[in-house]
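The values are calculated or read from the model by the stated rules, or taken from the named source; none is laboratory data. Bear in mind the structure is a predicted one, so any value in this text is a computation, not a measurement. Positions of Cβ are backbone-derived with ideal geometry, glycine not excepted, and every protein chain shown enters the neighbour counts. What goes into the accessible areas is simple: the full protein's heavy atoms, side chains included, and nothing from ligands, DNA or RNA. Shrake-Rupley method; radii C 1.70, N 1.55, O 1.52, S 1.80 Å.
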Amino acid sequence: MTEETIHKILSRYPHRRSALLPLLHLCQQEAGYLTDEALRLLSKRLGLSPTQVVEVVTFYDMFHLKPGGQREIWVCHNLSCSLLGAEKVVRRFEEALGIGAGETTQDGLFRLKRVECLAACGIAPVVQVGAEYYGPVSPQDVAQFVERLRAQSAVSNQGSAFLPKADG
Amino acid sequence: MSEKILTKRLENPGYGGTIEEHLATGGYQAIAKALKEHTPASLIELVRRSGLRGRGGAGFPTGVKWGFVPKDPGLTKYLVCNADESEPGTFKDLDLIMRDPHQLLEGILLASYAIGCQTAYIYIRGEFIAGATILERAIKDAATHGFLGKDILGSGFSVEIHPHRGAGAYICGEETALLESLEGKRGLPRLKPPFPATAGLYRLPTVVNNVETLCNLPHIVLRGPEWFSSIGTPKSTGTRIFSVSGHVRRPGNYELPIDVPMRELIFEHAGGMRDGRRLKAVIPGGSSVPVLTEQYLDTRMDFESLAKAGSMAGSGGVIVMDESTCMVRTGEVVARFYHHESCGQCTQCREGTAWLHKTLRRIEEGRGRKADLDLLLDICENMKGKTICPLSDAAAMPIESYLKYFGDEFEQHIVERACPFASTDGS
Ligand SMILES: Cc1cc2nc3c(=O)[nH]c(=O)nc-3n(C[C@H](O)[C@H](O)[C@H](O)COP(=O)(O)O)c2cc1C
Ligand code: SF4
Ligand code: FES
C-alpha cells in the first residue's frame, strides 16, 4: 500500500476514521489477512486505539485476523439458494476439498465458507470466488468446479515463480 | 407489455452502460434540465408530487424525507446511496449498478442538488467487488465529461461522489448502522430520533436513499410528476423492480407497474412453477416480511395492498416456494440468518433470535416438544416493538406467519419426530 493510495483514500472523507474500512480491505487484499503490522499501521495513521481497530475488524464477516486459503470459496446458504439445493452444494464442496465449511485445505489453496445472501438469488444456488459469481451451481457441477479452480491456481503459481513476488 | 422506466435501456441487447451509450440515450439531460429550470426547493416539490416512495424497504415518500433536511446553507449536508442490498431475496440494485451505473450517478446528482449536498457516498456491500470497480470507472468518466466535480455545467453547483465498500454485515443496510459503518465504526444501529435528516453522517443532516429510489429521479425530472404518478395507485406510484427467486421457471428481475398482481408477476413474468408443482407460499418483500399463501395470489404488489393482506412490500424480493418446501426448515434458515446478523445491542433481539433458531432447528431435526409451538410464539411476542432497530421485528414476524399458515406442519414434525419432507434440502 503506497503512501499515495493512503492519501487518495483519506482525501475522500472529512474525518480520517472513515478510511478504516477501505484501508482494511486494501491491507487484506495484499497479505491475504490482516497482519498485526497492518493493524498497528492503521491505528497509527488514523489516530485510533488498537482496540478501536480490532473491534471493527471482528464485527465484519469479510475481515480475517489469521491467514486462510489463497482463495476463498463462498457458498450461499440463505433461503433462495437453500430452496434450490445449497446444502447439497456445500456438502459436495466439503467432499471435493476434503475439509469442512470454515476450514482451509492442507495445501493452503482454498478456504471454504458458508455465507449469507449474496444478492444474486436469481441464479441460485450461488457460489462466489473473488469478484466472480457463479450460478446456478448444481451439486453435480462441484467436483469439476474445484478441478478448474485448482488448474487456475497452478497456472498463477507458475507465474509467480518467474515474477518477483509483490510484497506490498 | 407495460413500459419500463429504469430498465428500458437494458432492453437494448447491445447496451453496455458506458457513458457514451448513456449519453446517446438521453443520459445526463435531467440534471442539465434541473440545474436550468429548478431551484432545490422546486425540485423537492416535484419529487414530492410524483409520489415516489423509497424502494429500500420502508416505502417512505422521498420528497417528504428530503423536506426534513434543514435549509441552512452554512450546514454541510450528505447524501448516502444505500447499495448494501442485504435483504435476502433481493438482487435488483446490483443489476442497476452493473448495467447502467450512470443512471444511478445522475439520480445522486439530482438528490444532491435538491438537498444541498456537495459530497455523496455510495455504500456498497463489500462482497460486490465488481460493482465498486464499475462505479469508480463511471465516476471518473462522468467527471471527465463535466457532470461531476466543481461548477457542474457552469451552474455553480459542485458535488463529488465516492463509493465506499462495506465488509459483510447485513445490519449495515439499516440506515443508521450504515452511517456508523461509514464513519469507520462497528455497524450498530442508533436510537432514533434524531433521524439522519437532521443528525446523520458525522451528526450532520444526511439523506439515505436506496439505489432504485435514486434511479427513478432522472425520469421524473424529464417526464414530469404527473406522468410518474399515473403509473400504479394513488399511494404507490411508478414501477418497481421485483426480484423473483425460488421455485419458479424464470427467476430474475422484472420491472413492472408497482401494483402488478402477484399472480401475474409469478405466473406470467417469472414463468410459473417448476416441474408442474403447486405453489405453496410466497414471501413478497424479502425474508423479513410475513409469508402469504396461494389464496393471496390476486393481491397486488403495492405497499397498501400487501399490508392489507397481512404482509409487506419490503425490498421487492419475491421468494416463491412450491409444495415440496418444508416450512419448518424455511423458518430454521430464516432464523439462523437473523441470529447471525443481530448486532447484539438489544437483549430481546440478541436472545430472541438465538432461541428462535435453536427451537426451530430442534423441531426440524425431530427433537421438538409440544410446548415448543407456544414457546416460539412467546419468543416472537417478546421480540417485537421494543428494540433500537427493526431487525428484531423482522426476525419475529416471518416466523409468526409460518406458524399461522403452516402450524399443522410444525405439529407433524413434533408428533412424527422427523421432518415429513424427505427431499428437503436440509435433510
Ligand atoms: C435490518 C435492515 C436492513 C436493511 N437493509 C437495507 C438494504 O440492504 N438496502 C436498502 O436500501 N435499505 C435497507 N434498509 C432500509 C434502510 O434503513 C432505509 O430505510 C433505506 O435505505 C432508505 O432509502 P429509501 O427511502 O430510498 O428506501 C434496511 C433496514 C433494516 C431495518
Ligand atoms: S434490534 Fe437487533 S440488530 Fe437492531 S439494534 Fe437491537 S440488537 Fe441490534
Ligand atoms: S439466497 Fe443465495 S444469493 Fe440470495
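Tabulated data
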item: All aspartates and glutamates inside 18 Å of A:Lys44 as judged from Cα atoms, apart from same-chain residues fewer than 8 positions distant; result: A:Glu3, A:Glu4, A:Asp36, A:Glu55, B:Glu183
item: Shape call, the range A:3-59: gyration tensor on alpha carbons, a/c limit 1.5; result: oblate
item: C-alpha center-to-center spacing [the range B:288-324, the range B:170-193] in angstrom; result: 28 Å
item: Cα-based radius of gyration of chain A once divided by 2.2 N^0.38 Å, which approximates compact folds; result: 1.17
item: A:Lys8 - accessible surface, heavy atoms, 1.4 Å probe, Å² rounded to 10; result: 130 Å²
item: Coordinate range along principal axes, alpha carbons of the range B:218-306, Å, largest first; result: 44, 23, 21
item: Most positive-pole-ward Cα, A:Gln52, A:Gln70, A:Pro125, against dipole of chain A from beta carbon charges; result: A:Gln52
item: Rel. contact order, % - alpha carbon contacts under 8 angstrom, at least six apart, chain A; result: 19 percent
item: For the protein assembly as shown, alpha-carbon Rg and Dmax in angstrom; result: 23.8, 74
item: Where Cα atoms sit under 23 Å apart: lysine pairs in the range B:20-96 separated by 8 or more or lying on different chains; result: 7
item: In nm, spacing of pseudo-spin labels at B:Asn12 and B:Arg278 (7 Å Cα→C-beta vector); result: 4.7 nm
item: Angle between chain B longest axis and helix B:347-364 axis [Cα atoms, degrees, rounded to 10]; result: 50 degrees
item: Distance between the range B:209-227 and the range B:4-59 - C-alpha centres, whole angstrom; result: 5 Å
item: Solution diffusion estimate, µm²/s, Stokes-Einstein, the range B:9-229, Kirkwood Rh from C-alpha pairs, 20 °C, viscosity 1.002 mPa s; result: 124 µm²/s
item: Sites B:Arg223 and B:Lys308, calculated FRET efficiency, Cβ-Cβ separation with R0 22 Å, nearest 0.05; result: 0.15
item: Simple Cβ-charge dipole of the protein assembly as shown, Lys/Arg +1 and Asp/Glu -1, about Cα centre, in debye nearest 20; result: 880 debye
item: Members of the range B:131-164 that become less accessible by 40 Å² or more once partner protein chains are added (1.4 angstrom probe, chain alone as reference); result: B:His162, B:His164
item: 1.4 Å probe accessible area per residue over the protein assembly as shown, in Å²; result: 40 Å²
item: Cut-off 13 Å between beta-carbons: net charge of the residues surrounding B:Leu153, Lys and Arg +1, Asp and Glu -1; result: 0
item: Helix B:129-144 vs. chain B, principal-axis angle (Cα, 0 to 90°, nearest 10); result: 10 degrees
item: Loop GluC sites (Glu not before Pro), the range A:1-64 (other Cβ atoms within 10 Å of the site Cβ: 13 or fewer; DSSP); result: none
item: Chain B: angle of helix B:211-223 to the longest principal axis, Cα-based, in degrees nearest 10; result: 40 degrees
item: Relative contact order [Cα under 8 Å, 6+ residues apart], the range B:239-322, whole percent; result: 36 percent
item: Anisotropy class of the range B:302-393 from Cα gyration tensor, a/c 1.5 cut; result: oblate
item: Gyration tensor verdict on the range B:175-231 (Cα atoms; rounded if a/c is under 1.5, prolate if a/b is larger than b/c, oblate otherwise); result: prolate
item: Whole-Å distance, taken between Cα centres, linking the range B:104-123 and the range A:43-107; result: 34 Å
